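Step one of this worksheet: look at the structure below.
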Amino acid sequence: MTTTLGHWINGTIVADNNRPAPVTNPATGAVKLHVALASKATVESAIAAAEAAFPAWRATPPLKRARVMFNFKALLEKHADRIVEAITTEHGKVWDDALGELQRGIEVVEYACGAPELLKGEHNRDVGPEIDSWSEMRPLGVVAGITPFNFPAMVPMWMFPIAIACGNTFVLKPSEKDPGCPMIVAELLKEAGLPDGVFNVVNGDKEAVDTLLTDKRVQAISFVGSTPIAEYIYRTGTAHGKRVQALGGAKNHAVVMPDADLDNATNAIMGAAYGSCGERCMAISVVVAVGDEVADALIGKLTPKVQSLKIGNGMDRSSEMGPLVSKVHRDKVKGYIDSAEKDGAKLVVDGRSLKVAGHENGFFLGGTLLDNVRPDMVSYKEEIFGPVLQIVRVKTLEEAIALIEAHEYGNGVCIFTRDGGTARAFCDTVSIGMVGVNVPLPVPVAYHSFGGWKRSLFGDLHIYGPDGVRFYTRRKTLTQRWPMQPLAKAQFSFPSN
Ligand code: NAD
């Protein structure tokens, strides 16, 4: 018998064992634990706890809220090994990669430590005779986050540190595939001094999500996950009067120009394509080679590196790539390789038959490289989310840009070139939210904001950074007059200067 993970509500673990679901270690295929999938009533009790905690938390000075975040940051660092182990044994990614995602999450916590500064508002004296005016950033109330499996530490931390620092209370619905890390985080927030009810975790599936989407007490929803679900969340949440930001899937292209430093580009592309087994929304999944010479040279450099990837259990520190998250997902990714082959793509490296000794039941798939991929192929049109890199050959930069523009996703993109003019023209033209020049994973740092364009984001504001503060606050503008002398007469024209 394994343990069944419950929920974190009002500062304590709450059981709800009606619907336990297995959580598997992807490296071994063994069930590690079970997680309780919350009922509607359990989610409602979490919302009630968050609602009850809101008035006192809103009234807590931002500096005191920030102090909790300072303590939390120190605890995250102290317990990094425990968190990383939970991530690696439930998600499958290798140890250093899990540590990297935790660090990027911590950077958002550091940003949230600036709450007093971030919430300063704007003030103008003398906007009229004896009249002063200012804007304040007020918290919304109970807000919720719904997160994907691929970053169980970082993506929740894109949301709740800023939401909480701004004075909101939070209900997190993490992925049911790797729920261990968010429960550790909840425990550490309590140890950091966060009052009970300010942060709650409900583990669950559609039932939990739909409760959050429709409950009147929830003011705003942040979602990160696949595009069909993001669109559903945006439509349903906004139809219920909520503020929603819903970040979806991706297909990220790397354009390689003839003047690029190919050794640098090869190494950059290897990490960005096969890191985390390709299960990153910013993973490079398509290389657009400008000219056959570039394509052939790149393939020559990439092939031996893909063939010699060290693939194994993420807990083994020498592994460069771990397994995919589940058998179902591994088989889906294999299906995309099958379909690309059937559609006429050239299999340069085929990872389908990989076996990892001692881990025969793990969900492993070898690194795969496909050449001569065309835009009409299903493997090009859809997000694969696996260790599969596809090469599309074009003749010019204009053709490369047209290809990227035609794709439905607009999360990330990058260009490898030595020419400043080419880079600038590319950055100016592409309809993509995050653009890298010789940087394969242009994930914005914590004090900028993260978000894609087109069908990679539904909503207006990006996530974390300055947009995060705007998303989790509403503006109140005050205008005050303290007349030294009473008004001489009534004024019927519209007040103006
Ligand atoms: P997913 O959409 O399957 O699940 C995301 C969340 O939605 C989970 O909490 C899940 O429980 C919930 N969910 C799933 N089906 C639902 C349904 N029918 N109704 C209501 N809720 C539902 O995504 P995933 O497989 O966990 O994560 C991978 C996806 O996330 C990829 O598409 C990836 O590109 C995307 N992603 C995007 C970003 C970004 O910033 N744009 C970041 C990370 C991941």
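The values are calculated or read from the model by the stated rules, or taken from the named source; none is laboratory data. Predicted model only: the values in this text are computed from it and were never measured. Here the Cβ is made from the backbone with ideal geometry for all residues, glycine too, and neighbour counts use every protein chain on show. Surface accessibility is based on the protein's heavy atoms, side chains included, excluding ligands, DNA and RNA. Shrake-Rupley method; radii C 1.70, N 1.55, O 1.52, S 1.80 Å.
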Residues satisfying the stated conditions in the range 1-31, i.e. open to solvent by less than 50 Å² (accessible area, probe 1.4 Å) and of a type in the set (D, E, K, R): ASP16
Residue in the range 324-338 that is open to solvent by 50 Å² or more (accessible area, probe 1.4 Å), in contact with an Asp or Glu (Cβ under 9 Å, 6 or more places away or on another chain) and of a type in the set (D, E, K, R) present: no
Qualifying residue in the range 32-42 (condition: surrounded by fewer than 18 Cβ atoms within 10 Å (Cβ to Cβ), in contact (Cβ under 8 Å) with a residue 60 or more places away in the chain and in a helix (DSSP H, G or I)): yes
Leading residue by the ranking (surrounded by the fewest Cβ atoms within 10 Å (Cβ to Cβ)) among those in the range 367-378 that are over 25 Å from the mean Cα position of the chain (by Cα) and not polar (S, T, N, Q): ASP376
Yes/no for MET270 being within 30 Å of VAL31 (Cα to Cα) and out of contact with any Pro (no Cβ under 6 Å at 6 or more places or on another chain): no
All helices (runs of 4 or more DSSP H) inside the range 253-347 with 2 or more residues being within 22 Å of GLU408 (Cβ to Cβ), of a type outside the set (Gly, Ala, Ser) and within 16 Å of the ligand (Cβ to nearest atom): 327-342
Filter result (in a helix (DSSP H, G or I) and out of contact with any Asp or Glu (no Cβ under 6 Å at 6 or more places or on another chain)) within the range 132-157: VAL155, PRO156, MET157
Inter-residue pairs, beta-carbon under 7 Å, first touching a residue at least 40 places away in the same chain (Cβ under 8 Å) and in the range 211-237, second among the charged types (D, E, K, R) and near the ligand (Cβ under 7 Å from one of its atoms), 6+ apart: LEU212/LYS173
